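Every number in this text was worked out from the coordinates using simple rules, so none of it is lab data. Since this is a predicted model, take the numbers as computed values, not measurements. As a convention, Cβ positions derive from the backbone with ideal geometry for all residues, glycine included, and neighbour counts pool all protein chains shown.
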Amino acid sequence: MCGIVGYIGPKPVVPVIIEGLRRLEYRGYDSAGIAVAGSASGLELRRAPGKLRNLETVIADQPLHGNYGIGHTRWATHGRPTEENAHPHRDCSGTLVVVHNGIVENYLQLKQELVAKGHRFVTETDTEIIAHLIEEELKAGPDKGAEALEVAVRRAVKRLTGAFAIGVLSANAPDTLIAARSGPPAVIGIGDGEYFLASDVPGILHHTRDIVYLADGDLAVLTPAGARFTDFDGSVVHRTPQRILWDPIQAEKGGYKHFMLKEINEQPRAIRDTTLGRVSLDSGQVFLPDLKLGPEEFRRATQLTIAACGTSWHAALAGKFMIERLARLPVEVDYASEYRYRSPIASPNEIGLLITQSGETADTIAAQREMTSLGIPTLAICNVVGAAITREAHGTITTNAGPEIGVASTKAFTAQLTALFTLALYLAQQRGTAAAEHSLHLVTELSKIPGKVEEVLRSVDDACANLAKSFSNARDFLFLGRGIHYPIALEGALKLKEISYIHAEGYPAGEMKHGPNALIDESLPVVVIATQDPTDPQSVLKYEKTLSNIQEVTARSGRVIAIATEGDHEISKLVEHTLHVPAAPELLLPILETVPLQLLAYHIAVRRGCDVDQPRNLAKSVTVE
């Protein structure tokens, strides 16, 4: 959610922090601030509402000096996005500051206690109480300096309930940065005589590839001499740096107007990398060596429960069709945010699966821990090696999409679909429900998907840009699909509403007559996913039923945009606009159908002048519930 960057080392501190915050802009924010210390001026603070450029203007007018510091981009949860509410937040003395990602659930109780002790609060935020709480704990100790600050932070965080990743610095603790994590992500960068704190890897990747992911309950103390790690009780913990293999250029726009457009065009590579080394084109076998559950556990499994949020939930719905059809294993799909609140009942030999781009989504972590408490072993599909969910899972399928900067997920989604198809075929092979010949056919078809996505990118981009001219002023959109194509309709609607702010709804095509037909008139664009696999009788039947739904819409003057299979010329006679995708097996068509929906949403958003990469009110990694 919020962006955090801290630095201690020989480089000028302000440029390092500002550059890092800029690389974290994709997380979404509405104010920014920075604090530095280590100069004769003590601790200096600059903040501004709005975008990072506003903070840079403030700093240009009032330069900062120091050799260690911390910066923050805030996404408002408690209090309006104003300069006063922007981070970092100070204690009463003004010598100590805190930045925070997350929510302090007991802040009102703590605030009342601190006010009674004479503390003065000047913001509407929950974060400010952390600074005052540390200040109060410092009063309890006789000493000052770095050791006293470390003890005070440790005592303070043990009193917080909720979710938090914090960074702390004090003018009275020279050359010291302290970080603590309980929930939202925090990473420590290990450089050559320099150390970094960040809420996500891209913020510091231009300086170091050696990263330590803090675990829940970790506290890190950074000084010029090194990085130390303890738990909240002060016991030393050992954390081994991981080498990040991303090329930093992957986090740049690469000549594209927006990160989202770049990431849409990176999908062929992301899909290839997600299958690389996992499938054999000679035998059709699937290899998932990072799954710690054995073949017998997969054969005994009676149910797979998938929990995910947002776009990942749509991938999970599509994965249900893949897994049930290929592996003949019943699949339940839950919103991660709802899972633990429905008092779930564990089935014998049930397996859990978490799907997440970041691996740090608070609701998904909560669902995983609920599964674990019920004795359900969990697997993960994740785009970030070493993320929280992967550390607690009994095996992970990494999606290898690389860093995704745009808030609206694109390449991570198609990589998730690819991973789910691979998992479905793997389960089928473990459970004996896939013949060798059929497996080889599906693996061969999977290997063709990246090239087919490239073909879609070439063939429909201009058409989607032209459609945007006609439909960018629409107030509502309806997206329809049947079977495995229904989750893709949901995803198409989500992409459009996320980045263009047009109300859009995804619906099962067969349910039109049960209500949505009342919405249709000449002003309503209806996007219908009407692809088919002619070799699959079920697919052909769904296609025929979908044509009937299209006729229901056109009979009521609805304006139809159809996603159809190449070679289908009949559908063009029924609808106003058609976007074609290459032929593929039924279970692989969703990957291809997604691309024109992404491009349609993108071009409409651009034409409406929206902030494509950072939609209002949204954040990339939602690390609070």
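Here are a few things to note about the model shown:
- Listed by Cβ neighbour count within 10 Å, with the fewest neighbours leading, Arg23, Arg325 appear as Arg325, Arg23.
- Trypsin sites (Lys or Arg not before Pro) within the range 64-144: DSSP coil, no more than 15 neighbouring Cβ in 10 Å: Lys117, Arg120, Lys144
- Cβ-Cβ FRET estimate between His206 and Ser459, R0 fixed at 35 Å, reported to 0.05: 0.45
- Among the GluC sites (Glu not before Pro) in the range 439-540, those placed in a DSSP loop whose Cβ has at most 16 other Cβ atoms within 10 Å are Glu522.
- Net +/- balance of residues flanking Gly310 in space, Cβ distance below 10 Å, scoring K and R +1, D and E -1: -3
- Calculated [θ] (222 nm, deg cm²/dmol) that DSSP helices of n ≥ 4 give over the chain, each run adding -39,500 (n - 2.57): -11500 deg cm²/dmol
- Out-of-range pairs (alpha-carbon distance over 29 Å; input Lys11/Lys411; Lys262/Lys292; Lys111/Lys495; Lys448/Lys495; Lys11/Lys262): Lys11/Lys411; Lys262/Lys292; Lys111/Lys495; Lys11/Lys262
- Under a 5 Å amide H cut-off, with hydrogens placed 1.01 Å from N, Tyr68 pairs with Ala37 among residues at least 5 apart or on other chains.
- Each of Phe121 and Thr444 was given a label point 7 Å from its Cα along the Cα-to-Cβ line. The distance between the two points is 6.7 nm.
- Full extension of the chain between Thr82 and Ser39 yields a length gain of 12.7 nm, computed as 0.36 nm times the residue separation minus the alpha carbon distance.
- Contact order, relative form, for the chain: 13 percent (alpha carbon pairs under 8 Å, 6 or more residues apart, mean separation divided by residue count).
- By the beta-carbon count within 10 Å of each Cβ, the least crowded to most crowded order of Lys573, Lys542, Lys11, fewest first, is Lys573, Lys11, Lys542.
- The alpha-carbon of Lys545 sits under 13 angstrom from the alpha-carbons of these aspartates and glutamates, leaving out residues fewer than 8 places away in its chain: Glu511.
- Under the shape rule built on the C-alpha gyration tensor, where the axes satisfy a ≥ b ≥ c, the range 32-184 is oblate, since a/c reaches at least 1.5 while a/b does not exceed b/c.
- Packing rank of 183-189, 340-346, where each peptide gets the mean count of other beta carbons within 10 Å, highest leading: 183-189, 340-346
- Computed E for Lys513/Ser373 - FRET, C-beta separation, R0 41 angstrom, nearest 0.05: 0.45
- Kirkwood-based shape ratio for the chain, expressed as Rg/Rh from alpha carbons: 1.00
- Peptides ranked, highest mean first, by Cβ atoms within 10 Å: ranges 306-317, 147-158: 306-317, 147-158
- Each residue of the range 254-434 gets 104 Å³ once the volume of the Cα convex hull is shared out per residue.
- Exposure proxy for Thr565, Thr73: other Cβ atoms within 10 Å of each Cβ, ordered fewest to most, give Thr565, Thr73.
- Proximal charge balance of Val540 [Cβ under 15 Å; K/R count +1, D/E count -1]: -3
- The H on the amide N of Thr305, modeled in the peptide plane, is under 5 Å from the matching H of Glu332, Ile351, Gly352, Leu353, each at least 5 residues off or on a different chain.
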